[in-house]
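Participant: Got a structure for you, written out below as structure tokens; questions coming shortly.
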Amino acid sequence: MGIQWFPGHMRATLRALSERLKTIDVVIELLDARLPGSSANPLLAELIAGKPTLKVLNKEDLADPARTAQWLQYYAARQATRAIALHAQMAGPARVLVAECRRLAPHRGGMAKPLRVLIAGIPNVGKSTLMNTLLGRRVAQAADEPGVTRREQRVALADDVYLFDTPGLLWPKIVAPDSGWRLAASGAIGRNAYDEEDVALALLRQLQADHPDRLQARYRLPGTAAEVAAQPAHELLQAIGRRRGALLPGGQVDPHKAAEAVLGDFRSGALGRVTLETPQAFEAWMAAAHAAEAQRQAERAAARASRRRDAPPSDAGV
Ligand code: G4P
């Protein structure tokens, strides 16, 4: 499945970010708890290597608690890293962040050495929401379409704690197709960059494997959960379209509308708390994507070398 996605001003953002990081003590990396691995930006990982990092699995209210626990354990095993799960709209838990940041940089604090924290994360992961909640007011416009330009924010969380927003937009960098459809399903990618039907079909396949009972309950599908799990995904999408009245004028199912219904239900939590990936599965497909990329590079290099060998000798000197 192709996702046409181009990281707009990524280069400029990364430059600004790397400048800003020089004066930052702790990075809060906001991840989507429903797809923690896929919602991380590998370019950010390179930039913040070695910096104390707090991984925040946001939207935990929409994620499967057992899988969230697995991801927290996975991140906590890393050097100079702490990890928490969060529902960014809730004020109480959000305050835990400041305490966690202080733990990551115990040498900072007090008016002479204020703690400087940066929030980074891909569009729609909840950065503005979290900043608003931490401050108890609205500091930035939350937008439902990724790509809405924002200005950098700096806010004081305490006399000696400053919080900065990412300078510019940090688009997700899609390395593996398995991450691509998950990012699209979560709402992190602009609507025009992917085919909703493709993404809904990929999502349905995952839900058939993990939660066929919920599909059956939500869409009142006939047959057993095992039968729902075994159905070809496109037939399932048809059945869902019929149930939801996603029909074309002639009465046929409109697959686009049916796909929108499935994606909307996933995003709103109407299909229950779902996490689309485990650390093990994520690592496996990333390793496969990197191996495939290495092979592509090697093949390209071999083709270039063979073209050079076959080229007629230069006629210079004739
Ligand atoms: P961003 O700054 O990183 O781009 O993300 P933003 O805060 O704008 O959040 C994107 C959407 O995610 C918003 O929904 C926001 O309410 C929602 N959101 C953020 N954190 C959480 C969370 O922990 N749990 C849940 N369930 N949702 C969260 P929206 O529908 O686009 O806007 P709004 O109408 O809710 O403001």
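Values in this text are rule-based calculations from the coordinates and carry no lab data. Given the structure is predicted, the values throughout are model-derived calculations rather than measurements. Note that each Cβ is placed from the backbone with ideal geometry, even for glycine, and that neighbours are counted across all protein chains shown.
Participant: How are the Cα pair distances of the chain distributed, in percent, across 20 Å bins from 0?
Facilitator: Reading the bins upward from 0: 29, 50, 18, 3, 0.
Participant: Let me ask something else about it. Of T68, T133, T166, which has the largest mean-square fluctuation in a 10 Å C-alpha GNM of the chain?
Facilitator: Maximum fluctuation in the GNM of the chain, among the listed residues, is at T133.
Participant: If R₀ is 51 angstrom, what is the calculated FRET efficiency for the pair E227 and A112, using the beta carbon separation as r and rounding to 0.05?
Facilitator: Values: r = 67 Å, r/R0 = 1.31.
After rounding, the FRET efficiency stands at 0.15.
Participant: With each label point set 7 Å from Cα along the Cα-Cβ vector, what nm distance links D159 and D213?
Facilitator: Output for this residue pair reads 5.4 nm.
Participant: Tell me, what is the Rg over Rh of the stretch 8-165, with Rh the Kirkwood radius over Cα pairs? Write down the numbers at each step before the final one.
Facilitator: Working: Rg = 14.7 Å, Rh = 15.8 Å.
Using Cα coordinates only, the ratio equals 0.93.
Participant: Projecting each Cα onto the charge dipole of the chain (Lys/Arg +1, Asp/Glu -1 at the beta carbon, about the Cα centre), which of I240, S306, A49 comes out farthest on the positive side?
Facilitator: Most positive-ward Cα: A49.
Participant: Highest first, please rank the peptides 33-39, 21-27 by the mean number of other Cβ atoms sitting within 10 Å of their residues. Don't jump to the answer; show the numbers that get you there.
Facilitator: Details: 33-39: 26.6, 21-27: 17.6.
Taking the mean over residues of other Cβ atoms within 10 Å, the ranking is 33-39, 21-27.
Participant: Give me the percent of DSSP beta bridges within the stretch 8-165 that run antiparallel, rounded to the nearest 5. Numbers along the way, then the final one.
Facilitator: Details: 4 of 24 bridges.
The antiparallel fraction comes to roughly 15 percent.
Participant: Suppose we keep just the DSSP beta bridges with both residues in the chain; what percent of those would be antiparallel, to 5?
Facilitator: Values: 5 of 25 bridges.
So the antiparallel bridges in the chain amount to around 20 percent.
Participant: Beyond 28 Å between alpha-carbons counts as too far, so tell me which of K51/K173; K55/K257; K59/K257 fall in that bin.
Facilitator: Details: K51/K173 21 Å; K55/K257 36 Å; K59/K257 26 Å.
As for pairs spanning more than 28 Å Cα to Cα, those are K55/K257.
Participant: Can you give the translational diffusion coefficient of the stretch 204-249 in µm²/s, computed by Stokes-Einstein from the Kirkwood radius over Cα pairs at 20 °C and 1.002 mPa s?
Facilitator: 204 µm²/s
Participant: Could you work out the helix-only [θ] at 222 nm for the chain, with each DSSP H run of four or more residues adding -39,500 (n - 2.57) and the total divided by the number of residues, to the nearest 500 deg cm²/dmol? Don't skip to the answer; put the middle values down first.
Facilitator: Numbers: 13 runs with 148 residues, N = 318.
Calculated mean residue ellipticity at 222 nm is -14000 deg cm²/dmol.
Participant: Running a GNM on the chain with Cα contacts under 10 Å, which residue among L263, L247, L54 ends up with the highest mean-square fluctuation?
Facilitator: Highest fluctuation of the listed residues: L247.
Participant: Convert each backbone phi in the stretch 42-50 into a coupling constant with the Karplus relation 6.51 cos²θ - 1.76 cosθ + 1.60 (shift: θ = phi - 60°), then list the ³J(HN,Hα) values in order as whole Hz, x for Gly and Pro.
Facilitator: x, 5, 5, 4, 5, 5, 9, 3, x
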